Amino acid sequence: MRKCLCATLLASILILATLAALPAAAARESESYSDSIIGQDREVLFQVSTIDALLLAVYDGILPVGELKERGDFGIGTFDRLEGEMIVVDGVCRQVKVDGKAYVVPDEATTPFATVTFFDHDEKVFVEKADNMTELGEILETSFPSENVFYAIRIDGTFPYVKTRSVPAQERPYPLLVDAVANQTVFEFENASGTVVGFWSPEFVDGINVPGYHLHFITEDRTAGGHILDLRVEGAEAELDLTPNIFMALPTAGDFFNLDLTGDLSSDLEKVEK
C-alpha cells in the first residue's frame, strides 16, 4: 500500500487525470491549480530514486549532478557506488569522502539518490540549546504548521559538537546499505562553525524517503562534514522552508527495475541513520 504513494505524491498528474470527470468550471479551477503547482519550481522537493532502493543496494548513479543543480540549490544525497556524502548548499555540490574532506563535485558526476529544492525560508526558529538530535527535533517541530508536508532545514552557527560519517565506494556485488555503513568512517567536530543541511519528511513517505530528519553537515570553510549522526546546538537560528510538492525521478533501467520494493525496511533504515 505504501509503495503506491509514489504516484499519489505527483499532484499534477492526479489533477490532470481527473479533469475529464469534472464540470467545466471545476475543471478550469483544477487546471489553474495544476498549472500553479507545476510553475512553483522553487516549492518542489526533487528526489532521485527512493530510500528503499538505496537500502537494497541500488547504488549506480542515474542523474548527473549538473542536472540535479537545475532542480535545486540546497540538498543532500550520495554519489555513484555510494561514494561519500552529498551536501548541496548555496548552489554548490560537494562530496565528503572517507578522508573527511569535502570536494566540489563536477557536473558529470552522478547520483543514485538525492533530494534537493530551492531554499527560501518561511520560518525562523531560535535554538537556545539542544543536547542531541531528539531535543533539536522537538524544538523545530513546535514551529511546524503541519506534519503533512516537507521542510528543508538550514542551521548556520557554531556547534559545540557534531558527529558525522562517510561511506566508501562499493564494489559489485553490492552489499545492502545496512552492511555497507558498517565500514563507515566517523568524524567528530568540537566548536565547529558550519551549516546543517537537510530535510524533515512526513511519516507517509516511509519507503520513499527518510521519515523525520535526514541531516548533513559542512564546515564554514566548506572543507569537511558528512552525514550527521549526532550534534549539539547552542544559540543558533534554524531556517525552515515549507515545501508542499514532490517530484520523483526513478531509474528507467538497471537493478531498480527488477527490485522487490514491497518489504518493510524500516528497521534497516533506523540502523543506517543512527
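The values are calculated or read from the model by the stated rules, or taken from the named source; none is laboratory data. Just so you know, these numbers come straight off a predicted model, no measurement behind them. Reconstructed Cβ throughout: ideal geometry from the backbone, glycine too, with neighbour counts over all protein chains shown.
Considering only residues in segment 198-232 that are polar (S, T, N, Q) and over 18 Å from Leu140 (Cα atoms), the one that is surrounded by the fewest Cβ atoms within 10 Å (Cβ to Cβ) turns out to be Thr223.
Of the residues that make up segment 123-137, is at least one among the hydroxyl-bearing types (Ser, Thr, Tyr), within 27 Å of Leu250 (Cβ to Cβ) and not in a loop (DSSP other than H, G, I, E, B)? Looking through segment 123-137, none of the residues is among the hydroxyl-bearing types (Ser, Thr, Tyr), within 27 Å of Leu250 (Cβ to Cβ) and not in a loop (DSSP other than H, G, I, E, B). For Thr142, the conditions (1) surrounded by 15 or more Cβ atoms within 10 Å (Cβ to Cβ); (2) over 19 Å from the mean Cα position of the chain (by Cα) all hold with the exception of (1). Filtering segment 181-200 to residues that are among the hydrophobic types (A, V, I, L, M, F, W, C) and farther than 16 Å from Glu273 by Cβ leaves Phe187, Phe189, Ala192.
Of all residues in segment 90-108 being touching a strand residue (DSSP E or B) at 6+ places or on another chain (Cβ under 7 Å) and not in a strand (DSSP E or B), which is surrounded by the most Cβ atoms within 10 Å (Cβ to Cβ)?
Val105
Pairs are defined by a Cβ separation below 7 Å, a sequence spacing of at least 6 or placement on different chains, a first member in segment 233-246 that is in the same structural domain as Asp120 (by TED's automatic domain parsing) and buried (at least 17 other Cβ atoms within 10 Å of the Cβ), and a second member that is among the hydroxyl-bearing types (Ser, Thr, Tyr) and not in a strand (DSSP E or B); the pairs so defined are Leu240/Ser143. With respect to Ile76, is the statement that it is buried (at least 21 other Cβ atoms within 10 Å of the Cβ) and either on the phi < 0 side of the Ramachandran plot or in contact (Cβ under 8 Å) with a residue 12 or more places away in the chain (or both) true? Yes: the conditions hold for Ile76. Val186 satisfies every condition listed in (1) among the aliphatic types (A, V, I, L, M); (2) closer than 30 Å to Asp260 by Cβ; (3) surrounded by fewer than 18 Cβ atoms within 10 Å (Cβ to Cβ) except (2).
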